[in-house]
Amino acid sequence: MDIRVGDVLTMKKPHPCGSKDWEVLRVGADFRLRCLGCGHEVMGARGRFEKNVRAVRREEGA
């Protein structure tokens with residue numbers, strides 16, 4: 001899966017704040033994501049996050 005820093009991921013399940021959208025802050029073996037609803041940041045294994053992604057939005061030309 002091609003995920004880059006700055007992409008917005010829409011997940012299958014919502015965060016407790018109600019938002020399903022997360023901004024990618026770091027990629028590699030781990031991802032660091034920021035919830036776009038409340039600003040909470042999480043870091044975890046790439047495989048764990050990739051299986052829960054429903055859509056990837058990317059700003060072209062940025």
| note | Restricting to Cα pairs under 8 Å and 6 or more apart, the percent relative contact order of the chain works out to 35
| note | In the chain, the trypsin sites (Lys or Arg not before Pro) that sit in a DSSP loop and have at most 14 other Cβ atoms within 10 Å of their own Cβ are 4, 12, 51, 58
| query | GluC sites (Glu not before Pro) within the chain: which are DSSP loop residues with at most 11 other Cβ atoms inside 10 Å? | reply | 59, 60
| message | Restricting to DSSP H runs of at least four residues, report the calculated mean residue ellipticity at 222 nm for the chain, -39500 (n - 2.57) per run over all residues, nearest 500 deg cm²/dmol. | response | -1500 deg cm²/dmol
| remark: With +1 at each Lys and Arg Cβ and -1 at each Asp and Glu Cβ, the charge dipole magnitude of the chain around its Cα centre, to the nearest 20 debye, comes out at 280
| said: Tell me which cysteines of the chain come out unpaired when the rule is another cysteine's Cβ under 4.7 Å. | reply: 35
| request: Find out how many positive minus negative residues lie around residue 21, taking Lys and Arg as positive, Asp and Glu as negative, among other residues whose Cβ is under 11 Å from that of residue 21. | output: +2
| task | Evaluate Rg over Rh across the chain, taking Cα atoms for both radii and Kirkwood's formula for Rh. | result | 0.92
| Spacing of the two label points (7 Å from each Cα toward its C-beta) at residue 53 and residue 41, in nm | 2.0
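Laboratory data are not the source of any read-out in this text; all were calculated from the coordinates shown. Because the structure is a prediction, the values reported are computed rather than measured. So basically every Cβ, Gly included, is an ideal-geometry build from the backbone, and we count neighbours across all protein chains shown.
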